[in-house]
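The values are calculated or read from the model by the stated rules, or taken from the named source; none is laboratory data. Note that the coordinates shown come from a computational prediction; the quantities given were computed from them, not determined experimentally. When we count neighbours, we look across all protein chains shown, and the Cβ atoms used for this are built from the backbone with ideal geometry, even at glycine. Ligands, DNA and RNA are stripped out before the accessible areas are found, and what is left, the full protein with its side chains, is counted by its heavy atoms. Shrake-Rupley method; radii C 1.70, N 1.55, O 1.52, S 1.80 Å.
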Amino acid sequence: MALKHTILAFLSRQPLSGYEVAKEFTEGFGGCFWKASQQQVYAELAKLEQQGCVTYEAIPQAGRLDKKIYSITPEGHQLLIDWLTQPTEPTVIREDLGVMGLAGHLVPNQVVYHEIKRRQKLHREMAQHLKKMDEHFAKHLDSLELKDLYMHLIMRRAIRYQEDWVAWCDESLAAIDRIVNR
């Protein structure tokens, strides 16, 4: 998966401004699966436009640059469909906390313990945020369109991912407490 596929996937659901696409990576659903800065999003939108995969409508704004509302083109749809029809492979876990676990014995116990506590809080908050985003879909499960059902299902995966992190943090903190307090 590349950034372009994620952007095209967002635009396949509805036209969005570059700001709205970037916001999906910081506050919305996109941040669960891909990280991208605002600069990366705008650079990728420019490339996609040059490739004919997206187009935009310029909306004049008084005293500011025109707002660009991006839409996916038929070429962009085809690029996305070509990618969607390819098999996917599990992603390798790249996790700083895993590496900290390998060498955590070199620093005082509190260093790793506090980092796990911090991560526990972050993952718990993200799980709650995702549940709130998914409320509408979950409440209307029987009447969802297919595109919204898929969104709900992948949100459920993201929620489980965050909840699994919280459970792992709980388990790890309890194990460290047992060792430290023997």
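Accessible area per residue for segment 129-182 is 72 Å², calculated with a 1.4 Å probe on protein heavy atoms, without ligands, DNA or RNA.
Principal semi-axes of the equivalent ellipsoid, √(5λ) from the alpha carbon gyration tensor of segment 111-182, are 34, 10, 8 Å from largest down. If you run the Gaussian network model on the chain, springs between alpha carbon atoms under 10 Å, then out of 62, 158, 127 the most flexible one is 62. Sparse packing (at most 12 other Cβ atoms within 10 Å of the Cβ) combined with a DSSP loop state is found for the following GluC sites (Glu not before Pro) in segment 1-85: 27.
Any idea which of 2, 48, 107 is furthest toward the positive side of the dipole for the chain, if Lys and Arg beta-carbons carry +1 and Asp and Glu beta-carbons -1? Going by the Cα projections, it comes out as 107. Principal-axis analysis of the Cα atoms of the chain puts helix 109-139 at an angle of about 40° to the longest axis.
In the chain, the longest principal axis of the Cα atoms and the axis of helix 146-180 are about 20 degrees apart. For segment 1-89, rounded, prolate or oblate, judged on the Cα gyration tensor with a ≥ b ≥ c (square roots of eigenvalues), a/c < 1.5 rounded, else prolate if a/b > b/c? Note, shape of segment 1-89 comes out oblate. Under a straight-distance cross-link criterion of Cα-Cα below 12 Å, which aspartates and glutamates are reachable from residue 121, leaving out those fewer than 8 residues away in the same chain? Partners found: 163, 170.
Among the protein heavy atoms of segment 40-182, carbon and sulfur supply 56% of the accessible surface, probe 1.4 Å, non-protein parts ignored.
Relative to the longest principal axis of the Cα atoms of the chain, the long axis of helix 74-84 makes an angle of roughly 30 degrees. For segment 63-135, just say rounded, prolate or oblate: build the C-alpha gyration tensor, square-root its eigenvalues into a ≥ b ≥ c, call rounded for a/c under 1.5, and beyond that prolate if a/b exceeds b/c, oblate if not. Prolate, since a/c reaches 1.5 and a/b exceeds b/c.
By the scheme Lys and Arg +1, Asp and Glu -1, what is the net charge of all other residues having a beta-carbon under 13 Å from that of residue 139? Every neighbour counted, the sum reads -2.
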